[in-house]
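The values are calculated or read from the model by the stated rules, or taken from the named source; none is laboratory data. It should be emphasised that the depicted structure is a prediction, and the values quoted were computed from it without experimental measurement. Don't worry about glycine lacking a Cβ; one is built from the backbone with ideal geometry, like all the others, and counts go over all protein chains shown.
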Amino acid sequence: MDLRDHLSTTGTALKHWFVAQSYDALCMAGLWLIGLLIIRVPGAPLWAFLGGALQFIPNFGVMIALIGPSIAALISGGFDRFLYVLILYAVLVVIDGLFLQPYLMRRAARVPIWASILTPLVLGLLLPSFWGVLIAAPLLAIFFTYRARARERREALLSQPQPQLPRRDEGLPR
């Protein structure tokens, strides 16, 4: 493979990851909006939009998105509404981390569900800072794209007709 093939493969993988992340952000914005409207948090559309936009920051974006609605709920409805926002946050994190994001990564970037759950945890432990968690999803998309491309090339080579070598007794005078 030359440099152009590597750049094309990596670009395709990152494009698929971005599409999956965009769908995830859109779904999370919708879930935030529904939950915040049910709880009656003021400015729910704004907080839902920010929740979706901050979804592009892996693992930390959802925590940052919690700040605005929790303060608005605390000011407008007291401690009960604040607790409901925290419960909504916990439910959304579980839905996103265990169901939505692995499903979308598998569909858009062809990353297995087990890999999209375990790899951020492993890279978060191996690398000394949050960089492992931050780059885990794009690296997974790139890795599995290269893996799929290698599998396609191997299958193409195996499907080509093999030249037949003459047998030892062919072509010999009798």
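Structural remarks
- Residues of region 1-59 that are surrounded by fewer than 13 Cβ atoms within 10 Å (Cβ to Cβ) and assigned to a loop (DSSP other than H, G, I, E, B): MET1, ASP2, ARG40.
- Taking region 110-149 as the range and being outside any helix (DSSP H, G or I) and either surrounded by fewer than 17 Cβ atoms within 10 Å (Cβ to Cβ) or aromatic (Phe, Trp, Tyr) (or both) as the test, the residues that pass are ARG110, PRO112, LEU127, PRO128, SER129, PHE130.
- Test: residue in region 135-143 that is closer than 18 Å to ILE64 by Cβ, among the hydrophobic types (A, V, I, L, M, F, W, C) and modelled with pLDDT of 85 or more: no
- Note on region 122-149: residues that are under 11 Å from the mean Cα position of the chain (by Cα) and of a type in the set (Val, Ile, Thr) amount to 1.
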